[in-house]
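A.B. asks: I have a structure here, written as structure tokens, and I will follow up with some questions on it.
The values are calculated or read from the model by the stated rules, or taken from the named source; none is laboratory data. Fair warning: this is a prediction, and the values are worked out from it, not measured in the lab. For neighbour counting, all protein chains shown are included, and Cβ atoms are generated from backbone atoms with ideal geometry for every residue, glycine included. Keep in mind that these areas ignore ligands, DNA and RNA; they rest on the heavy atoms of the full protein, side chains included. Shrake-Rupley method; radii C 1.70, N 1.55, O 1.52, S 1.80 Å.
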Amino acid sequence: MAKLYFRYSAMNAGKSTALLQVAHNYEEQGQSVRLFTAAIDDRYGVGRITSRLGPQRDVEIFQRDTNFLEAVDKVGCVLVDEAQFLTPAQVQQLHRLAQTRGVPVICYGLRTDFRGEPFPGSIYLLGLADDIEEIKNICSCGKKATMNIRVDPNGERIREGEQVSIGGNESYRQACGRCFYQG
């Protein structure tokens with residue numbers, strides 16, 4: 001039976017690397033995959049999943065109006081990067097895709113933003129996913145990182161602002177809960 005999977009972590013834990021590896025594994029077995037990333041994430045170009053380790057791949061994009069039930073037919077697997085940007089309705093579509101059409105769907109993303117607030121897509125993934133896995137990462141203090149901190153160009157912490165501001169290592173840091181609240 002196919003499932004909806006949610007694999008989450010703090011920033012810089014290797015989510016995109018893991019997704020690209022899963023795609024490779026399916027394709028090595030002769031199965032087709034559909035890869036999606038959020039149109040809003042243009043750090044490395046629109047429609048590109050890029051690992052900080054180097055591997056990258058051009059993929060399809062999803063926007064707020066993407067209907068996965070209409071966009072996806074029978075494939076070996078659907079992989080979604082930056083899944084925190086899914087709408088609640090899209091998470092429901094992906095769950096339905098797995099449950100009624102037998103297509104495994106694996107979503108990778110963040111649970112919370114730099115303020116500790118959950119993303120709407122992540123809330124629904126935590127509620128509907130059949131399998132939830134945390135990808136581990138470490139804080140600069142050595143403890144397990146579970147939170148994200150936004151920083152300005154001088155490395156100073158930003159505590160207020162819009163939930164979505166696309167950036168990479170220059171804009172965000174992963175942190176444990178203690179450093180999140182103290183730092």
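A.B. asks: Could you count how many residues in the range 37-58 are of a type outside the set (Gly, Ala, Ser) and out of contact with any helix residue (DSSP H, G or I) (no Cβ under 9 Å at 6 or more places or on another chain)?
C.D. replies: Residues of the range 37-58 that are of a type outside the set (Gly, Ala, Ser), as a first pass: 37, 40-44, 46, 48-50, 52-53, 55-58.
Then drop every residue that is not out of contact with any helix residue (DSSP H, G or I) (no Cβ under 9 Å at 6 or more places or on another chain), which leaves 42-44, 46, 48, 58.
Counting residues in the range 37-58 that are of a type outside the set (Gly, Ala, Ser) and out of contact with any helix residue (DSSP H, G or I) (no Cβ under 9 Å at 6 or more places or on another chain) gives 6.
Rundown of residues vs (1) basic (Lys, Arg); (2) closer than 19 Å to Leu128 by Cβ; (3) in contact with a strand residue (DSSP E or B) (Cβ under 7 Å, 6 or more places away or on another chain), yes/no style:
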residue	(1), (2), (3)
Lys3	yes, yes, yes
Gly30	no, no, no
Phe36	no, yes, yes
Arg52	yes, no, no
Ile61	no, no, yes
Gln92	no, yes, no
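A.B. asks: I'm trying to understand the selection: among the residues of the range 74-95, which are open to solvent by 10 Å² or more (accessible area, probe 1.4 Å) and either of a type in the set (Phe, Trp, Tyr) or closer than 20 Å to His24 by Cβ (or both)?
C.D. replies: Val75, Gly76, Glu82, Phe85
A.B. asks: Residues of the range 15-57 being open to solvent by 30 Å² or more (accessible area, probe 1.4 Å) and in contact (Cβ under 8 Å) with a residue 60 or more places away in the chain, which ones?
C.D. replies: Ala18, Ile40, Asp42, Arg43, Arg52
A.B. asks: For the range 84-106, give me each residue that is touching a Leu at 6+ places or on another chain (Cβ under 6 Å) and outside any helix (DSSP H, G or I).
C.D. replies: Listed by number, the residues that qualify are Val103, Val105, Ile106.
A.B. asks: While we're looking at this one, here's another question. For the subset of the range 59-73 comprising residues that are under 17 Å from the mean Cα position of the chain (by Cα) and surrounded by 13 or more Cβ atoms within 10 Å (Cβ to Cβ), which member is nearest to Tyr5 (Cα to Cα)? Quick ask: steps written out before the conclusion?
C.D. replies: The initial filter retains those residues of the range 59-73 that are under 17 Å from the mean Cα position of the chain (by Cα), namely 59-64, 66, 68.
Add one more test, that the residue is surrounded by 13 or more Cβ atoms within 10 Å (Cβ to Cβ), and what stays is 59-62, 66, 68.
Numbers: Val59: 19, Glu60: 19, Ile61: 19, Phe62: 18, Thr66: 19, Phe68: 15 Å.
Here the residue is Phe68.
This table checks each residue for (1) in contact with a Pro (Cβ under 9 Å, 6 or more places away or on another chain); (2) outside any loop (DSSP other than H, G, I, E, B); (3) farther than 22 Å from Lys144 by Cβ.
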position: Ala10; (1), (2), (3): no, no, no
position: Ile49; (1), (2), (3): yes, yes, yes
position: Thr66; (1), (2), (3): no, no, yes
position: Tyr108; (1), (2), (3): no, yes, no
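A.B. asks: Out of curiosity, is Arg101 open to solvent by 60 Å² or more (accessible area, probe 1.4 Å), modelled with pLDDT of 95 or more and out of contact with any helix residue (DSSP H, G or I) (no Cβ under 6 Å at 6 or more places or on another chain)?
C.D. replies: Numbers: open to solvent by 60 Å² or more (accessible area, probe 1.4 Å): yes; modelled with pLDDT of 95 or more: yes; out of contact with any helix residue (DSSP H, G or I) (no Cβ under 6 Å at 6 or more places or on another chain): yes.
When the stated conditions are applied, Arg101 passes them.
A.B. asks: Same structure, new question: For the range 12-47, what are the residues that are among the aromatic types (Phe, Trp, Tyr) and in a helix (DSSP H, G or I)? Steps first, answer last, please.
C.D. replies: Keep residues of the range 12-47 that are among the aromatic types (Phe, Trp, Tyr), which gives 26, 36, 44.
Result: Tyr26, single match.
A.B. asks: On to the next question. One residue is enough: does the range 165-181 have a residue meeting the conditions aliphatic (A, V, I, L, M), open to solvent by less than 40 Å² (accessible area, probe 1.4 Å) and touching a helix residue (DSSP H, G or I) at 6+ places or on another chain (Cβ under 6 Å)? Full working, then the answer.
C.D. replies: Taking the range 165-181 as the starting set, the residues that turn out to be aliphatic (A, V, I, L, M) are 166, 175.
Narrowing the set further to residues that are open to solvent by less than 40 Å² (accessible area, probe 1.4 Å) leaves 175.
Then drop every residue that is not touching a helix residue (DSSP H, G or I) at 6+ places or on another chain (Cβ under 6 Å), which leaves none.
Within the range 165-181, not a single residue is aliphatic (A, V, I, L, M), open to solvent by less than 40 Å² (accessible area, probe 1.4 Å) and touching a helix residue (DSSP H, G or I) at 6+ places or on another chain (Cβ under 6 Å).
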